[in-house]
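Quick notes on the structure that follows.
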Amino acid sequence: MFEEKSFVPKKLTLLYLIDGQNVELCSSNGTKIQMSQEDIVVVFPDETISISGTSKFMKIC
């Protein structure tokens, strides 16, 4: 689990939202995603992801 506010994966990564409120992911290409608990999102290598809101994610690599 992680609670980072920003990260850049080195390989294809799945993010599973375990717990969170008002969670929004913003990617370096301008994409914004509102997430709810138990949502999964794919993050591509070297894509910078910023996370707003209170959240706990599981990274699946």
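From the residues in segment 1-43 that are within 18 Å of Ile60 (Cα to Cα) and out of contact with any strand residue (DSSP E or B) (no Cβ under 8 Å at 6 or more places or on another chain), which one is most open to solvent (accessible area, probe 1.4 Å)? Within segment 1-43, the match that is most open to solvent (accessible area, probe 1.4 Å) is Lys10. Report whether or not Lys59 is touching a strand residue (DSSP E or B) at 6+ places or on another chain (Cβ under 7 Å), touching a residue at least 40 places away in the same chain (Cβ under 8 Å), surrounded by 12 or more Cβ atoms within 10 Å (Cβ to Cβ) and among the charged types (D, E, K, R). The answer is yes for Lys59.
A count restricted to segment 47-61 and to residues that are within 12 Å of Thr13 (Cβ to Cβ) and of a type in the set (Lys, Arg) stands at 1.
Residues checked against (1) part of a loop (DSSP other than H, G, I, E, B); (2) on the phi > 0 side of the Ramachandran plot:
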residue: Lys11; (1), (2): yes, no
residue: Leu15; (1), (2): no, no
residue: Asp19; (1), (2): no, no
residue: Asn22; (1), (2): no, yes
residue: Cys26; (1), (2): no, no
residue: Ile33; (1), (2): no, no
residue: Val42; (1), (2): no, no
residue: Glu47; (1), (2): yes, no
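With respect to the stated conditions, Ser50 is open to solvent by less than 80 Å² (accessible area, probe 1.4 Å), without any contact (Cβ under 8 Å) to a residue 60 or more places away in the chain and in contact with a Ser or Thr (Cβ under 7 Å, 6 or more places away or on another chain). If the condition is being in contact with a strand residue (DSSP E or B) (Cβ under 8 Å, 6 or more places away or on another chain) and charged (D, E, K, R), then segment 44-55 contributes only Glu47.
The values are calculated or read from the model by the stated rules, or taken from the named source; none is laboratory data. Given the structure is predicted, the values throughout are model-derived calculations rather than measurements. All Cβ positions, glycine included, derive from the backbone under ideal geometry; neighbour counts span all protein chains shown. Accessible surface is based on the protein model in full, side chains and every heavy atom, while ligands, DNA and RNA are left aside. Shrake-Rupley method; radii C 1.70, N 1.55, O 1.52, S 1.80 Å.
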